[in-house]
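Encoded as structure tokens, the structure appears first; notes follow it.
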Amino acid sequence: MIRLIQGNQRSAYVAEINEMHVLRRLVFAERLGWDVSVQDGWEIDSFDEADPLYLLSIDPKNNLVRGSLRLLPTTGPNMLRDVFSCLLHKGQTIESATIWESTRFSVHPDYLEERSTNGLNLATGELLAGIVEVGLLAGLTQVLSVYDARMSRILKRAGCPADVIGTPQRIGAVMTYAGLFEISEPALTRIQQVAGIEGSVLEAQSNELALASAA
């Protein structure tokens, strides 16, 4: 199940927001060793102040956060333009009301071994399906993301390979890409089939929130 939380509503979801930021610290600072800001046990950055839409994969058995990501419009602050512009060709920009950026995609270490019959991590499949569902509700055409070679393999396995833009570069210890992902009903169907998902992954309240975010 995907729970949507608008950035300006964080105070209404204290437990979920805390778990999300702790998860990001576990994944990006501790497991991957990225150079990220950790404050009071949270991984948090300036883009969390830009009113993102958070997608949280919630474990139905205990209501804990098992994975998360955030979405931001490319018409405002975003990581590709403001942090990873080196991945773009000189003068190239991605800025459109119908393209949002996905960042901080993370799955809790305790849930890494939960997989579909096709070998896709269950939280990963749910988050990817959630991105496409939100995109369809919000009228998006594509979602932008910066990702590494490991994530590229996972995305291909999930049936949602990227249209790579710009020039991939080694950043730190990993080869890094910028890519655009299709938002469409066929894209959603492919992910659902690989992930073993039937029906919507969004909580009942999420349709209105996704549309409100687009507005």
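The values are calculated or read from the model by the stated rules, or taken from the named source; none is laboratory data. Since the model is a prediction, treat every value here as computed from it, not as a measurement. Cβ atoms come from the backbone with ideal geometry, glycine included; neighbour counts cover every protein chain shown. Accessible surface areas use protein heavy atoms only, side chains included; no ligands, DNA or RNA. Shrake-Rupley method; radii C 1.70, N 1.55, O 1.52, S 1.80 Å.
Structural remarks
- Selected residue (only one of Thr167, Thr124, Thr189 is open to solvent by 20 Å² or more (accessible area, probe 1.4 Å), of a type in the set (Ser, Thr, Tyr) and in a helix (DSSP H, G or I)): Thr189
- Taken as a whole, segment 29-40 holds no residue that is surrounded by 12 or more Cβ atoms within 10 Å (Cβ to Cβ), touching a residue at least 60 places away in the same chain (Cβ under 8 Å) and among the aliphatic types (A, V, I, L, M).
- Within segment 107-121, the set of residues being part of a helix (DSSP H, G or I) and touching a strand residue (DSSP E or B) at 6+ places or on another chain (Cβ under 8 Å) comprises Asp110, Tyr111.
- Test for Asp35: is it more than 18 Å from Met1 (Cβ to Cβ), assigned to a loop (DSSP other than H, G, I, E, B) and under 16 Å from the mean Cα position of the chain (by Cα): no
- One residue stands out in segment 41-73 among those that are under 14 Å from the mean Cα position of the chain (by Cα) and polar (S, T, N, Q): the one that is farthest from Trp100 (Cα to Cα), namely Ser57.
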